[in-house]
Amino acid sequence: MSKFKPEKLNVKYIPPATSFEPVDCRKYTLTHSDTTGELFLSIGKIYDYQAINYTMRDEVLADWITVNGEYLLYAKVYISNGEYDKNMSRIRYMIFKKELDLALTGIIYGDRSFYTYYPWLLDAPIYVQFTSIYPEFSEVAYYGTPRSYLNLAQRLKTQKTQV
């Protein structure tokens, strides 16, 4: 996994979203630059479709939803809809699996002030849906809680300041 670097995270709010609202339908669009290693996080009531590279399709989309009255953060990554063969889909799947902790850390850390207003969401489950026409790369997996990603980011920040 690539190491999370808070200074390489750029956060933008899409109005009317702010650091404390909305909760329902709060959406995240995370993209990155392979050249600079920067992460770009957009937070709004809609996804930031302009930020998505439709050739690469390497974004992570997430939103807060309720299931049976409980909140969960539901993320989606796109593997293949037939434009990639099975081998390339496997590579994409493996890259997403390897880099997903970094992406989720960017999303959670980038919206860390949100949890000041809604601390109970720190322990909400995170699920990630991998979408592919190949069944072996199409799954929904549990990825912990926002608290675990904030703790990871804080440890990395502490390590950096101690060096």
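Filtered by the rule that a residue be over 14 Å from Tyr74 (Cα atoms), in contact with a strand residue (DSSP E or B) (Cβ under 8 Å, 6 or more places away or on another chain) and not in a helix (DSSP H, G or I), region 109-146 gives Asp111, Ser132, Ile133, Tyr134, Ser138.
The residue of region 81-122 that is farthest from Tyr143 (Cα to Cα), among those that are surrounded by 21 or more Cβ atoms within 10 Å (Cβ to Cβ) and small (Gly, Ala, Ser), is Ser89. If the condition is being touching a strand residue (DSSP E or B) at 6+ places or on another chain (Cβ under 8 Å) and among the aromatic types (Phe, Trp, Tyr), then region 50-100 contributes Trp64, Tyr71, Tyr74, Tyr78, Tyr93, Phe96.
Contact map, region 82-102: residues that are of a type in the set (Lys, Arg) paired with residues that are in a helix (DSSP H, G or I), Cβ distance under 7 Å, separation 6+ or inter-chain. Pairs shown: Arg90/Phe137. Taking (1) surrounded by fewer than 19 Cβ atoms within 10 Å (Cβ to Cβ); (2) under 14 Å from the mean Cα position of the chain (by Cα); (3) of a type in the set (Ser, Thr, Tyr) in turn, Ser42 satisfies each apart from (1). The set of residues in region 48-73 that are touching an Asp or Glu at 6+ places or on another chain (Cβ under 8 Å) and hydroxyl-bearing (Ser, Thr, Tyr) contains only Thr66.
Any chance region 133-141 includes a residue that's among the polar types (S, T, N, Q) and over 25 Å from Tyr84 (Cα atoms)? Looking for residues that are among the polar types (S, T, N, Q) and over 25 Å from Tyr84 (Cα atoms), one finds none in region 133-141, hence no.
If you go through region 66-80 and keep only what is surrounded by 16 or more Cβ atoms within 10 Å (Cβ to Cβ) and of a type in the set (A, V, I, L, M, F, W, C), you end up with Leu72, Leu73, Ala75, Val77, Ile79.
No lab work stands behind these numbers, since they all come straight from the coordinates. Every value quoted in this text rests on a predicted model; they were computed, and no experiment measured them. Note: ideal-geometry Cβ built from the backbone for every residue, glycine included; neighbour counts use all protein chains shown.
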